[in-house]
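Engineer: Just dropping this structure here.
The values are calculated or read from the model by the stated rules, or taken from the named source; none is laboratory data. Remember, predicted model here, so these are calculated numbers, not experimental data. So basically every Cβ, Gly included, is an ideal-geometry build from the backbone, and we count neighbours across all protein chains shown.
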Amino acid sequence: MKTNYKLLIINYILLLTILTACSSAPAQPDPNIAMTAAFGTAFAQISQPTQTPAPSDTPIPAATIPRTPSALPATFQTTLLKPEDMPRTYIADTCQYLQNKWNSNNAAPGTVVMPIMFHGINKDKPKNVKDIWVPDFKKLMNDLHDMGFEAINTQQMADFLYNNAKIPARSVILIVDDRHYAASFNDHFRPYYEQWKWPVINGWISSFGGADAVLAENVNLSHEGWVDYQAHSVLHQIPITDSSTDEFITAEMQGSITNIQTYFNKTPIAFIWFGGNFSKRAVELGPQFGYKLGFTINPRGPVMYNWIPQADTVNASNPLAIPEVPAGNPLMTLPRYWSSNARAEIDTVRQIGEQAVLYAEQNKAVELDYYSIMCAPTYGPLP
């Protein structure tokens with residue numbers, strides 16, 4: 001039998017009310033009258049129907065309803081690169097990438113860097129494709145300036161590639177490989193430093209240590225601040241390859257750091273691969289030694305924030321270029337144009353930057369919406 005709890009509760013309250021009324025009633029009146037009144041009051045209270053709150057007609061604020069952002073756009077592509085030289089990204093954290101990209105204090109989307117390798121600057125027309133004739137060198141520098149490019153140093157390059165730090169929208173990094181007399185820098189690059197404040201990077205070979213005949217004059221240039229010395233191996237005779245041991249890689253890469261710290265009183269952050277040769281293991285070890293950047297001699301194209309042209313395999317258009325993708329870290333396998341043909345590529349670099357600007361603007365609303373939904377609660381609003 002099912003117990004009627006509601007009836008039990010009613011009887012209990014009725015009894016309690018009657019007893020209370022009787023015990024507090026005056027002695028003189030008829031108790032039957034008091035009991036009847038008490039019963040009527042109790043019954044009236046208990047018999048009232050239970051009021052159920054009416055459902056609210058107030059809608060839930062839209063801000064409390066979770067939204068699903070639209071899919072983010074694909075990585076920017078351009079037909080101005082060779083088909084095999086595909087741009088690679090290197091930042092895994094999407095929110096961090098978007099925050100750096102759209103931070104108003106950082107470099108604007110489409111900011112582009114053109115790395116250029118200088119091997120020799122010759123007074124006579126060179127026979128070596130790596131070298132450049134003095135008149136052509138001057139034309140290259142003037143064309144870069146006329147096209148709106150400005151030179152940056154290695155630290156600026158690293159800050160840009162890692163954090164999208166602000167640099168000129170069209171930047172160039174000028175890298176001179178190997179040891180040189182100070183006169184080479186004074187003759188060829190000092191005029192542009194004095195006129196436009198353009199720094200130049202030197203890939204320093206450390207094999208001679210303190211006995212190097214040109215060490216003192218290069219140290220003096222370093223103290224002036226406009227020649228930025230970075231690592232370019234120790235022996236400079238045996239390239240780093242897939243068959244190189246960890247001991248050899250350490251001797252070349254860590255040995256370069258030790259030498260430059262000892263004589264130049266600075267710590268290099270870039271390794272300029274001797275002969276453009278590198279290996280997956282060396283690329284892995286580089287950041288452990290403290291390197292933030294590595295430069296090949298592969299003329300794939302310019303670089304942008306989280307956008308570096310790389311190749312998966314050896315290809316016919318550039319058969320001497322070592323594929324970078326298997327090495328796994330685009331920051332340690334950056335491309336460089338050769339000085340002998342860089343002038344012909346200046347406008348292409350400009351166009352790539354402008355295309356990237358348009359692509360970013362087309363997708364800005366989608367990316368900002370994604371950031372506001374998926375990132376802002378953790379990373380905060382965009383500066």
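Engineer: Just one of (1) part of a helix (DSSP H, G or I); (2) surrounded by fewer than 17 Cβ atoms within 10 Å (Cβ to Cβ); (3) not acidic (Asp, Glu) trips up LYS125, so point out which.
Structural biologist: (1)
Engineer: While we're on this one: Given (1) surrounded by 14 or more Cβ atoms within 10 Å (Cβ to Cβ); (2) touching a residue at least 40 places away in the same chain (Cβ under 8 Å); (3) assigned to a loop (DSSP other than H, G, I, E, B), identify the lone condition not met by PRO383.
Structural biologist: Here PRO383 clears every test but (1).
Engineer: Still on this structure, please answer the following. For the range 360-368, does any single residue satisfy the condition of being closer than 20 Å to ALA108 by Cβ, crowded, with 19+ Cβ neighbours inside 10 Å and either at pLDDT 95 or above or over 20 Å from the mean Cα position of the chain (by Cα) (or both)?
Structural biologist: yes
Engineer: Going through THR58, THR75, THR94 one at a time, which residue ends up being touching a strand residue (DSSP E or B) at 6+ places or on another chain (Cβ under 9 Å), more than 30 Å from PRO191 (Cβ to Cβ) and either modelled with pLDDT of 95 or more or not acidic (Asp, Glu) (or both)? Talk me through it step by step, then tell me what you get.
Structural biologist: On the way: THR58 fails: touching a strand residue (DSSP E or B) at 6+ places or on another chain (Cβ under 9 Å); THR94 fails: touching a strand residue (DSSP E or B) at 6+ places or on another chain (Cβ under 9 Å).
After ruling out the rest, the residue left standing is THR75.
Engineer: A follow-up question, please. Does at least one position in the range 173-187 carry a residue that is part of a loop (DSSP other than H, G, I, E, B) and in contact with a Lys or Arg (Cβ under 9 Å, 6 or more places away or on another chain)?
Structural biologist: Checking the range 173-187: not a single residue is part of a loop (DSSP other than H, G, I, E, B) and in contact with a Lys or Arg (Cβ under 9 Å, 6 or more places away or on another chain).
Engineer: A follow-up question, please. State whether the residues of the range 272-280 include one that is touching a helix residue (DSSP H, G or I) at 6+ places or on another chain (Cβ under 6 Å), among the aromatic types (Phe, Trp, Tyr) and crowded, with 22+ Cβ neighbours inside 10 Å.
Structural biologist: no
Engineer: Moving on. Give me the residue from the range 286-325 that is β-branched (Val, Ile, Thr) and either over 27 Å from GLY353 (Cβ atoms) or not assigned by TED's automatic domain parsing to the domain that holds TYR359 (or both) and, out of that set, surrounded by the most Cβ atoms within 10 Å (Cβ to Cβ).
Structural biologist: Taking the range 286-325 and keeping what is β-branched (Val, Ile, Thr), we get 296-297, 303, 308, 313-314, 322, 325.
Remaining after also requiring either over 27 Å from GLY353 (Cβ atoms) or not assigned by TED's automatic domain parsing to the domain that holds TYR359 (or both): 313-314.
On the way: THR313: 8, VAL314: 12.
Ranking the qualifying residues of the range 286-325, first place goes to VAL314.
Engineer: May I pose another question? Can you tell me how many residues within the range 310-338 are among the polar types (S, T, N, Q) and in contact with a helix residue (DSSP H, G or I) (Cβ under 7 Å, 6 or more places away or on another chain)?
Structural biologist: 3
Engineer: Here's something else I'd like to know. In this structure, does ASN105 turn out to be over 24 Å from SER317 (Cβ atoms) and out of contact with any Lys or Arg (no Cβ under 9 Å at 6 or more places or on another chain)?
Structural biologist: Considered against the rule, which asks whether it is over 24 Å from SER317 (Cβ atoms) and out of contact with any Lys or Arg (no Cβ under 9 Å at 6 or more places or on another chain), ASN105 comes out as no.
Engineer: Part of a loop (DSSP other than H, G, I, E, B) and within 26 Å of MET147 (Cα to Cα): is that true of ALA158 in this structure?
Structural biologist: Numbers: part of a loop (DSSP other than H, G, I, E, B): no; within 26 Å of MET147 (Cα to Cα): yes.
No: the conditions fail for ALA158.
Engineer: State all residues of the range 275-303 that are in contact (Cβ under 8 Å) with a residue 60 or more places away in the chain and of a type in the set (Phe, Trp, Tyr); if no residue qualifies, say none.
Structural biologist: TYR291, PHE295
Yes or no, residue by residue, for (1) within 25 Å of PRO330 (Cβ to Cβ); (2) not acidic (Asp, Glu):
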| position | (1), (2) |
| --- | --- |
| GLY210 | no, yes |
| GLU217 | no, no |
| ASP228 | yes, no |
| LEU235 | no, yes |
| ILE240 | yes, yes |
| SER243 | yes, yes |
| ILE249 | yes, yes |
| MET253 | yes, yes |
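Engineer: If I ask for residues that are within 21 Å of LYS138 (Cα to Cα) and not hydrophobic (A, V, I, L, M, F, W, C), which ones from the range 204-236 would you list?
Structural biologist: Residue satisfying the conditions is ASP228 alone.
Engineer: Could you check ALA216 against (1) surrounded by 14 or more Cβ atoms within 10 Å (Cβ to Cβ); (2) outside any strand (DSSP E or B) and say which number it fails?
Structural biologist: Here ALA216 meets the rest and fails (1).
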